[in-house]
Ligand SMILES: COCCOc1ccc(Nc2ncc(Cl)c(NC3CC3)n2)cc1
């Protein structure tokens, strides 16, 4: 059914959910099926440069091919005179970064559950030669049963020789060193961001957070990593095996999900049971 031509009149528009990278997102209901989805409305005039158009096309073409419980589905898209509309999976739990703003830090067992799920999403992406490149709390939503949903593929790239070119994207806090020295990058850049993301969830701020961009860049270059006293030794061990300047030294995803911090803190059984539940309903 995702191939049919939709129009805006097929939907009842509900609450605004927030702003994505390119436009506003609304909770809407498809009139016939009563299906609830998120509708991202993008103003065509705002896609003012070929680069932005290319990013949007790549977001649509990449995300519409992906089917994984931890990746937000793109069901389809359509357009009218002024706007392009993306039909996206509605994530009832909202944005993870709002949770983190409110709660400051997440408990290590909840954070480990999110890291386990993110590893599953990244393994799936990397198996399709797709690098997300922009793993950060702003791009993560919470779905039914508290399942993590990786969203916003505006910056993801299909790792190929052509894409070895370095393009600065995302906040500096998550910038991997190989992006700074312009030597090109590959999917191991997602391992760096996974480490930064893990640190930020349990510490409450990113590892190289500083007053100025220059300071952040210097800390990234010197890999000056420090933890507050409450951080468990297993968490420190995993994070310091991901935040490595040399991409080859970063712990691969299949080892991350077997790390003792994940085994001891993530409720893997409950997460796998949740995967079963949504596989049955989709
Ligand atoms: C006081 O909280 C008000 C907002 O609460 C919610 C926010 C967002 C969702 N779900 C959601 N699902 C899919 C997408 Cl694509 C999306 N994109 C919007 C840009 C984030 N948001 C649910 C609740």
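The values are calculated or read from the model by the stated rules, or taken from the named source; none is laboratory data. As the structure is a computational prediction, the values presented were derived from the model and not from experiment. So basically every Cβ, Gly included, is an ideal-geometry build from the backbone, and we count neighbours across all protein chains shown.
Annotations for the structure displayed:
- Taken over region 67-83, the criterion of being within 14 Å of the ligand (Cβ to nearest atom) and either part of a strand (DSSP E or B) or at pLDDT below 95 (or both) is satisfied by 71, 74, 75, 76, 77.
- From 118, 122, 106, 191, residue being modelled with pLDDT of 90 or more and touching a strand residue (DSSP E or B) at 6+ places or on another chain (Cβ under 7 Å): 118
- Filtered residue count, region 118-140, keeping only those that are in a loop (DSSP other than H, G, I, E, B) and farther than 16 Å from residue 201 by Cβ: 5
- Hits in region 54-73 (condition: within 15 Å of the chain's Cα centre (by Cα) and in contact (Cβ under 8 Å) with a residue 40 or more places away in the chain): 59, 62, 63, 66, 68, 69, 70, 71, 72
- Breaking point among (1) modelled with pLDDT of 95 or more; (2) within 16 Å of the ligand (Cβ to nearest atom), for residue 7: (2)
- Test: residue in region 125-134 that is away from the ligand (no atom under 16 Å from the Cβ), closer than 20 Å to residue 278 by Cα and either modelled with pLDDT under 90 or within 13 Å of the chain's Cα centre (by Cα) (or both): yes
- One residue from 98, 29, 19 being under 15 Å from the mean Cα position of the chain (by Cα) and within 16 Å of the ligand (Cβ to nearest atom): 98
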